[in-house]
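One structure is given here, and the rest of the page talks about it.
Bear in mind these aren't lab numbers, they're just calculated from the coordinates by the rules spelled out. All values derive from a computational prediction rather than experimental measurement. A quick note on method: Cβ atoms are made from the backbone with ideal geometry, for glycine too, and the neighbour counts reach across all protein chains shown.
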Amino acid sequence: MISSFSAPFTRRRGAVRLAAGTLVSGLVVAAVVSTAGTAVADGTAQSQGGATATIGGLKTYGAAVIHDDSGDQTVSAGLFEMSVEGGGTLQTYCVDLHNPTQKDAKYHEAPWSGTSLGVNKNAGRIRWILQNSYPQVNDLATLAKKAGIVGGLTEQDAAAGTQVAIWRYSDGADVDAVDPQAERLADYLQNSARDVAEPRASLTLEGAAVSGRPGELLGPVTVRTDASAVTVAPPLDAAISGVRIVGKDGKDVTSATDGSQLFFDVPADAAAGSAELTVQASTTVPVGRAFTSESRSQTQILAGSSESTVSATATATWAAKGAIPALSAAKNCAGSGLDITAANQGDEAFTFDLMGIEHSIPAGTSRTVTIPLQEDQAYDFTINGPQGTGTRFTGVLDCHTQGDGSALTTQTLAEPSPATVGGASATGTNLATTGSSDATPLIAGTAIGLVVIGGAVLLLVGRKENGAQG
């Protein structure tokens, strides 16, 4: 069951107490502007930027055996391949052994905090394995020598051994590679792994939701990239809307670097409305970036990237008076929920109802609340703004691997269609996977829902009193 609801805006004043409880070769920025009118959802604001790709299945793999209370089961173990929207190819390993891989699932680059890696103390060791094994190390003779393997490694052995070592840290799995060479590699990688920091996003924008009054510079929106220089284009409809993308000096921006601040320059006579800024680049995505799907397809981690298209978006909302909210969201696996940040740069409180609870963001302040969610729970809701626009948040909370000993349903890819080992999906939607269960809940029963309306508790996790957004 997917919970869907809209949070209406109300104009009641007074605060309501919350219930306790990457190498870039080029980049383009464009803006889409909408004015106030009938309520519209201006998109999902929880994406934090990066690559978007479609999974294509296992391409280089061997076999592994998982030992658990239900007995020994053979699974495929190796590298997946993804096709990036806009161009590019990614290679990934699985870090979510007991969930299925859905056919043609769309994946988004994500921070570790929004995945099981965010609550896994060994996540850094997984990144070390990725940096020190196949395909990052494609000299297999050298890799075999480091691992003390006599007789060399095939690509299939290297992929299987690497995946097995990753599973031991990502899922705490009792798993062995079938091939002796692959097993020796897995043991070497597991024993040698050291903690390595999470890589930053291939491309992201800090301050991705801003608000203010017409005639002001709305921002800043800060570019984060490894490029020495990036290119910034003006809004596509700048001649009609008059909205410009400028620097802090008010001059049109034609190039930017890491740390550059961008602003929406909105004409003083503009009607209440909003604009969306899209930043796009060609980049190599850093090894170790997580990739998640909203279709409950198993979480992946990046092992290799070609030059690929990546993007990030930012939104601006403006009005001459009243509440002027800016809304954004991010999954919070440590907090078992979704963090929603609401900033209000208007002259009135922004008050809205969410799941039967009324909330108020005083003028000139920003607050973050965590909506508690169950694991594997889908959500879909819209918070309406005072100018007749709405911000929609959709997704699935997928924060934990399911190392509970449940039976696995595994498949081995045989191009062009998968052959099953140990069972088949009733829907036929699972690709060759590295271990999954048909019993994996899409949502854990109708009693879970988004949160029981009227009984939900929103936890105030941050309160930032300030006079200006940024």
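Some values worked out for this structure:
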quantity	calculated
Hz values of 3J(HN,Hα) by residue in the range 309-318 - Karplus curve (6.51, -1.76, 1.60), Gly and Pro given as x	7, 10, 8, 8, 10, 9, 10, 10, 10, 9
Label-point separation in nm, E358 to E216, each point 7 Å along Cα→Cβ	2.6 nm
Cut-off 20 Å (backbone N to label point 7 Å along Cα→Cβ of K121), residues of the range 165-184	166-174
Set of lysines with alpha-carbon distance to K248 below 25 Å, sequence-local pairs under 8 removed	K321, K464
Distribution of pairwise C-alpha distances over the range 173-253, 5 Å bins, in %	3, 10, 12, 16, 10, 7, 6, 6, 6, 6, 8, 7, 4, 0
Links that overshoot a 21 Å alpha carbon limit, given the list K59/K106; K59/K103; K59/K145	K59/K145
Separation in nanometres of the label points that stand 7 Å from Cα toward Cβ, at K251 and A229	1.4 nm
Percent of Cα pairs exceeding the 18 Å cut-off, where the set is the range 263-338	64 percent
Kirkwood hydrodynamic radius of the range 121-166, from inverse mean 1/r over distinct Cα pairs, in Å	10.7 Å
Sites E85 and V178 - FRET efficiency at Förster radius 45 Å, r taken between beta-carbons, to 0.05	0.80
³J(HN,Hα), Karplus 6.51/-1.76/1.60, whole Hz, each residue of the range 85-97, x for Gly, Pro	5, x, x, x, 9, 10, 10, 9, 10, 7, 10, 8, 3
By average C-beta atoms within 10 angstrom, highest first, the peptides 143-155, 269-281	269-281, 143-155
Size descriptor, Kirkwood hydrodynamic radius, that averages inverse alpha-carbon separations across the range 86-223, Å	17.3 Å
Under Karplus coefficients 6.51, -1.76 and 1.60, residue-wise ³J(HN,Hα) of the range 175-182 in Hz, glycine/proline x	9, 10, 6, 6, 6, x, 5, 5
Globularity ratio of the range 191-301, using Cα Rg and 2.2 N^0.38 Å	1.34
Theoretical FRET efficiency, 1/(1+(r/R0)^6), r = Cβ-Cβ of A141 and A334, R0 56 Å, to 0.05	0.85
Dmax and Rg, reported as Rg then Dmax, of the range 150-189 (C-alpha, Å)	9.4, 30
